[in-house]
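Down below is the structure, laid out as structure tokens.
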There are 2 protein chains.
Amino acid sequence: MRLLQKERGEKEKMNEKILLDEEEIPKAWYNIQADLPSPLDPPINPATMEPLKPEDLAPIFPMELIKQEMSTERWIPIPDAVRDVYRLWRPSPLYRALRLEKKLKTPARIYYKWEGVSPPGSHKPNTAIAQAYYNMKEGIERIATETGAGQWGSALAFGTMLFGLKCTVYMVGASYDRKPYRKVMMEMWNAELYRSPSKNTEFGRKLLEEDPDTPGSLGIAISEGVEDAATHDDTHYALGSVLNHVLLHQSVIGLEAKKAFEQIDEYPDVIYGCVGGGSNFFGSCSPFVADKIRGDKPDLKVVGCEPMACPTLTKGLYLYDFGDCAEMTPLLKMFTLGHTFVPPPIHAGGLRYHGDAPLLCKLVKDGWIDAVAYHQNEVFKAAKLFAETEGIIIAPETAHGVNAVINEALRCKEEGKEEVIFFNNSGHGHFDMGSYDVFLRGKLVDYEYPAELVKQSLAKVPKV
Amino acid sequence: MRLLQKERGEKEKMNEKILLDEEEIPKAWYNIQADLPSPLDPPINPATMEPLKPEDLAPIFPMELIKQEMSTERWIPIPDAVRDVYRLWRPSPLYRALRLEKKLKTPARIYYKWEGVSPPGSHKPNTAIAQAYYNMKEGIERIATETGAGQWGSALAFGTMLFGLKCTVYMVGASYDRKPYRKVMMEMWNAELYRSPSKNTEFGRKLLEEDPDTPGSLGIAISEGVEDAATHDDTHYALGSVLNHVLLHQSVIGLEAKKAFEQIDEYPDVIYGCVGGGSNFFGSCSPFVADKIRGDKPDLKVVGCEPMACPTLTKGLYLYDFGDCAEMTPLLKMFTLGHTFVPPPIHAGGLRYHGDAPLLCKLVKDGWIDAVAYHQNEVFKAAKLFAETEGIIIAPETAHGVNAVINEALRCKEEGKEEVIFFNNSGHGHFDMGSYDVFLRGKLVDYEYPAELVKQSLAKVPKV
């Protein structure tokens, strides 16, 4: 049923908010591994070059999460205690962006799921809560992790605190120095913070000896988190994206969105979202992609949006590669720019990762999902227009998806096409005002795709 | 009906969120002037020393707001266009703070209305939207205002943008220098910003000549906003608290809270809230105070919470005084510390005002509402405990009310008393992390009540 806006009696309304009842928070996560046309290539243990076994992961993850990582069950029940925390901010609203539509004069109908309503301000707690819960159930006392821009560290600090666990965060040195307020947020939630590389791990000490002034990197911080967990019996490690169980937990976004669309008798023609590791985008689109795989929605278009400075899906190679710079993780089959690649310092810090979630990569490789890359100036311009119309100041990461939405809506206008466009508005930009300041002063730099650097780092990818 | 938690089947739940349907956003504001036991003392025109006439305000306010300022109608309809913007984040949720209750081991039931869900992050848009709308209807093209910590400036920038008006904000110099991120937020919403005192007004230029390095004050910034509005035909002025029409607009908080309480068959025994100018506290409690005045709820306790460094309600005198330092506003009957009083630099910048809303002051004077004052260290400690339990990092202003709630809940525990406690959680602290950093490092200073300074400034209050 595709009624025109005025036919639906909306000509007076400038916004539409579809809010589910609390009872409609999903009771199970949706696992797309059950519906893949062909199975996922397994992660490989670099020591044996054999497919990873559950026990290989046991030193750093609780068994329930390892099971979820490898499960092909379609539905995995959400524990009551996790749903109870979700209730603090879920169901998150689905908005119709009527003001943006009007500004663009587009016949398209634009909808977005708003995940910035969580206390840490993004979609990240959807998995942080679950990961903290399963670790608590297994008697773990502390979780170590890394954080770049700070969204993931904040979410895990929040989640561990609610379940009575301690949290140690290795924060990329450059962010630690430049983003003191994210640091304070994590401390308000009782996290213990280290500037990475730190003296707290052997790997960190080694790097500091070589270069005491190193600004660190996400790869280094991951290695420190993993080492901390692997060397302490009471401690596990947690990752905020990329892995299957993380994408699984984020399916609550797409499941809620689907229910909300059902209530208003709509279904997206096209879905956009920003891709760093891929978890928010995949979580928001996987229940819809399942319809496409099943053949129910053959024309559905699904597009991941990434930065031109770190264009993994659009320029990367589909290879087995390490998840971290220090080669401590399993080998994952993914689009990669090479695990030693250090992207230019764009302001969307959450999108500066050399690889992507294997699940997302497989669906891109097999043609179910497309990808597009943007320069940061057009992305920030899209964020500004969104703030001016919808009133919400979004994270620069999120704005990559919004830029695609605006382009699509303008194309619909040119072609007189009435499409339903959906995107996941993954988080607010309250801790990104320094970046917006640079943009507003006209000082934002567009970095060309660093082809030569990528060539060098791809040469270091192991042959499997 | 006062069921114990477990009788209400909640022993598994760790939080409870009561969310009204969108249709239940109030259709009219509640005006307590209709129910006052005796009329409010009128504002006085300092030029004539006669009660202010509507036409005295016409150069700086639209006639609809002037009518609201003086109205004794009980219900004032909310225009559809204003309700439509409210729908972006309203109805705001009413939360039961089960995690906080559990931590305090209190038999009290603690509820809070969460106003931080608005895009600018506080209750301020409830009135900013309405003020922008009425100015737009009257053909005004620009609104000038002042802002201290930045909450009000952000809200008005947001509101004017949505109704197509321009916005000029005079931001207190010290805040302009120290809070660059609030500044960027306002610029994202297209506000034009001046560091106050500025060269943009005669008053500003005079002050800069006397002292080019002055950090400014809220009183100075108000004077600049008023002068800008008074000297430009297309421009009006807007105030974010104190005035009757501002408190009227904030009644949406209390009206929604009351409906939500009805749904769960509860009614507060005691209401707390932070008081700067008084608008968020008064808006949240006025529909309940009406029940008390009417005799339906004689035992209801209502308490405004303020900083010891600026204790207007607890230490001020009930006198006619100017609303600004430069003596450009009408004289208002209120509890005042004297309009030339400059409070110590506490971190709750939004509570550093020498007076209070006349409506609130009258009800305090007449014994319907009580007040209490706190030092900032205990207030920040309360905010930390709230973040650790409820997961939300609140503004330092808001934390004054939370400190009172915690004290009350602990008293209930001592006395084995099962009370219903309600407070308005007026905003988030995402732009206050610098202050929380000072607190976490143990460097927060408690300022004694500046009795001698207050004595001096009270001596400068005009005799009426």
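Some observations on this one:
- Of the whole protein surface, A:D366 contributes about 70 Å² of accessible area at a 1.4 Å probe radius.
- Ordered by 1.4 Å accessible area with all protein chains kept, B:M433, A:M161 run largest first as A:M161, B:M433.
- A Stokes-Einstein calculation at 10 °C with viscosity 1.306 mPa s, built on the Kirkwood radius of region A:73-156 over Cα pairs, returns a diffusion coefficient of 104 µm²/s.
- Cut-off under 5 Å, modelled amide H: who pairs with A:V302 long-range: A:I271, A:D370
- Coordinate range along principal axes, alpha carbons of region A:340-381, Å, largest first: 31, 27, 13
- Interatomic Cα distance distribution for the protein assembly as shown, bins of 10 angstrom, percent: 2, 12, 22, 25, 19, 12, 5, 1, 0, 0
- With the convex hull constructed from alpha-carbon coordinates only, region A:1-139 shows a mean projected area of 12.7 nm² over all directions.
- Comment: the Cα-to-Cβ extended label point of B:D233, at 7 Å, lies 8.4 nm from its counterparts in the other copies, nearest first.
- Annotation: average projected area of region A:123-243 is 6.7 square nanometres, based on the convex hull of Cα atoms across all directions.
- Among the residues of B:93-99, the average count of other protein chain beta-carbon atoms within 10 Å of the residue beta-carbon is 1.
- Ranking B:A257, B:A221, B:G355 by how far each Cα lies toward the positive end of the dipole of the protein assembly as shown (charges on Cβ) leaves B:A257 at the top.
- The solvent-accessible area of A:R411, taken with every protein chain present and a 1.4 Å probe, is close to 70 Å².
- Largest first, the residues A:K301, B:K103 sort by 1.4 Å accessible area into B:K103, A:K301.
- Accessible area, probe 1.4 Å, largest first, for residues A:R352, A:R142, A:R178: A:R178, A:R352, A:R142
- Averaged over the residues of peptide A:178-185, the number of Cβ atoms from other protein chains lying within 10 Å of each residue's Cβ is 4.
- Value at 222 nm in deg cm²/dmol, rounded to 500, when DSSP H runs of n ≥ 4 in chain A each add -39,500 (n - 2.57): -11500 deg cm²/dmol
- For the axis carrying chain B to chain A: nearest C-beta residue of B, whole Å: B:H430, 2
- The alpha carbon radius of gyration of chain A, expressed as a multiple of 2.2 N^0.38 Å, is 0.92.
- Share of pairwise Cα separations in region B:372-464, more than 23 Å, in percent: 40 percent
- Other protein chain Cβ atoms within 10 Å, averaged over every residue that makes up B:431-441: 4
- 7 Å along Cα→Cβ, label-point gaps from A:R441 to other copies, nm, shortest first: 2.3
- For chain B, the membrane-span-like helix rule (DSSP H, alpha carbon extent of at least 15 Å along the helix axis, mean Kyte-Doolittle at least 0.5) picks out B:151-162, B:218-230; this says nothing about an actual membrane.
- For B:Y447, the solvent-accessible surface with a 1.4 Å probe is about 70 Å², rounded to the nearest 10.
- Looking at the protein assembly as shown alone, DSSP beta bridges between its own residues are antiparallel in about 40 percent of cases.
- Unit charges at the beta carbon, dipole of region A:27-166: most positive-side option, A:M49, A:G164, A:G121: A:G121
- Shortest first, A:L208 label-point distances to identical copies amount to 4.8 nm, with the label point at 7 Å from Cα along Cα→Cβ.
- Overall dimensions of region A:312-403 as given by Cα atoms, namely Rg and Dmax in Å: 15.0, 45
The values are calculated or read from the model by the stated rules, or taken from the named source; none is laboratory data. Keep in mind that this is a model prediction, so the values were computed, not measured. Methodologically, a virtual Cβ is constructed for each residue, glycine included, from the backbone with ideal geometry; neighbour enumeration extends over all protein chains shown. Keep in mind that these areas ignore ligands, DNA and RNA; they rest on the heavy atoms of the full protein, side chains included. Shrake-Rupley method; radii C 1.70, N 1.55, O 1.52, S 1.80 Å.
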